[in-house]
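First up is the structure itself, then whatever we jot down about it.
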Amino acid sequence: MASITLDSKEWLKHLGQFDGINDLKIHVSEPSTLSYSVGYQTHYFTVKEEYSDKVVTKGGEIVISDLEKTCAFMKKCKGGVTLKQMSNGKTLYVTNNSLKMQIPVTDCKSTQLVPIYEGLVKKAEKNMWQSFGNDTYTVHGNAELADMLTLSSLKKLIGTGSDFYISANAESGEISITAGKEHNVKLYATTKLNDAEGPAYTVRSNYGSWLLTCLAYIEAGTQSKVHFGAATGFVVEQTGEKKKRLLVIIDQEE
């Protein structure tokens with residue numbers, strides 16, 4: 001039986017970050033590692049984190065089929081919360097002291113495209129993110145993306161039919177996001193691009209409304225390595241001492 005125990009607030013950091021996604025497959029390995037990935041036509045997001053304490057009692061896979069209800073339960077918990085699931089089991093067990101919840105396990109839609117993305121990411125990492133799939137990435141650099149994360153929280157201000165695009169200039173060392181529509185509310189966020197590599201002109205890529213939603217997966221306060229190009233996706237690598245986060249936001253074809 002796969003089993004892992006984390007503080008309820010730590011669980012909510014992982015499980016509560018998803019918008020529009022209601023299932024998740026978590027891989028746990030002894031003694032202290034947790035990882036998960038989601039893949040859609042709009043984005044790919046993967047996280048691996050290792051904890052200092054022994055948090056995994058038994059390695060394996062844990063599937064959550066209803067993140068909304070799981071998070072609602074977690075918000076009422078204090079201290080350590082344990083998730084348990086039998087191999088190929090149809091029930092998830094969530095325990096916090098005397099509080100317990102059982103959730104039926106069904107299919108996990110968020111992982112269906114993950115194997116395809118994993119193959120593409122492996123090739124991209126091998127070529128140092130010079131390309132991803134058929135796209136060529138020409139701009140690379142380090143950035144603090146706190147302002148972009150703030151922009152994500154303001155997505156309700158943007159009307160339907162808005163335009164979303166990212167532009168970057170390695171020579172000026174800037175990368176910016178624009179969201180909105182002419183004669184309506186428009187939002188902008190510009191961030192300094194450090195150690196920038198790329199052409200001496202601005203490159204741009206268009207996205208759909210999913211751009212701001214996906215930007216919420218960026219972890220605040222963590223330095224990011226970004227990869228970008230003309231008419232390409234937007235890649236954000238975040239690496240800490242014991243964690244790794246990768247976000248790939250797919251562009252909108254014109």
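The values are calculated or read from the model by the stated rules, or taken from the named source; none is laboratory data. In this text, all values refer to a predicted model and were calculated from it rather than measured experimentally. Here the Cβ is made from the backbone with ideal geometry for all residues, glycine too, and neighbour counts use every protein chain on show. In case anyone asks, the SASA skips ligands and DNA or RNA and just uses the protein heavy atoms, side chains included. Shrake-Rupley method; radii C 1.70, N 1.55, O 1.52, S 1.80 Å.
Observations, loosely collected:
- When residues of segment 238-254 are limited to those that are in a strand (DSSP E or B) and touching a residue at least 24 places away in the same chain (Cβ under 8 Å), the one farthest from PHE132 (Cα to Cα): LYS243
- Qualifying positions in segment 200-230 - over 19 Å from the mean Cα position of the chain (by Cα) and modelled with pLDDT under 95: ALA200
- Residues being on the phi < 0 side of the Ramachandran plot, out of contact with any strand residue (DSSP E or B) (no Cβ under 6 Å at 6 or more places or on another chain) and at pLDDT 95 or above are represented in segment 78-87 by at least one member.
- Residue identified as free of Cβ contacts under 8 Å to residues at least 12 places away in the same chain, farther than 18 Å from GLU253 by Cα, open to solvent by 40 Å² or more (accessible area, probe 1.4 Å) and polar (S, T, N, Q) among ASN134, ASN194, ASN127: ASN127
- Breaking point among (1) over 30 Å from GLU68 (Cα atoms); (2) open to solvent by 40 Å² or more (accessible area, probe 1.4 Å); (3) over 20 Å from the mean Cα position of the chain (by Cα), for ASN169: (2)
- Every listed requirement among (1) in a loop (DSSP other than H, G, I, E, B); (2) in contact (Cβ under 8 Å) with a residue 60 or more places away in the chain; (3) of a type in the set (Gly, Ala, Ser) is met by ALA168 save one, (1).
- Of the strands (runs of 3 or more DSSP E) that lie entirely inside segment 20-90, those containing 2 or more residues that are surrounded by fewer than 19 Cβ atoms within 10 Å (Cβ to Cβ) span 24-29, 33-39, 43-50, 56-58, 80-85.
- Any hit, segment 181-196, residues being of a type outside the set (Lys, Arg), in a loop (DSSP other than H, G, I, E, B) and under 18 Å from VAL47 (Cβ atoms): no
- Boolean, VAL94 is of a type in the set (A, V, I, L, M, F, W, C) and closer than 18 Å to THR42 by Cα: no
- Against the conditions (1) in contact with a strand residue (DSSP E or B) (Cβ under 6 Å, 6 or more places away or on another chain); (2) over 18 Å from TYR44 (Cα atoms), LEU113 satisfies every one except (2).
- Residues in segment 211-237 that are surrounded by fewer than 19 Cβ atoms within 10 Å (Cβ to Cβ), not charged (D, E, K, R) and not in a loop (DSSP other than H, G, I, E, B): THR213 alone.
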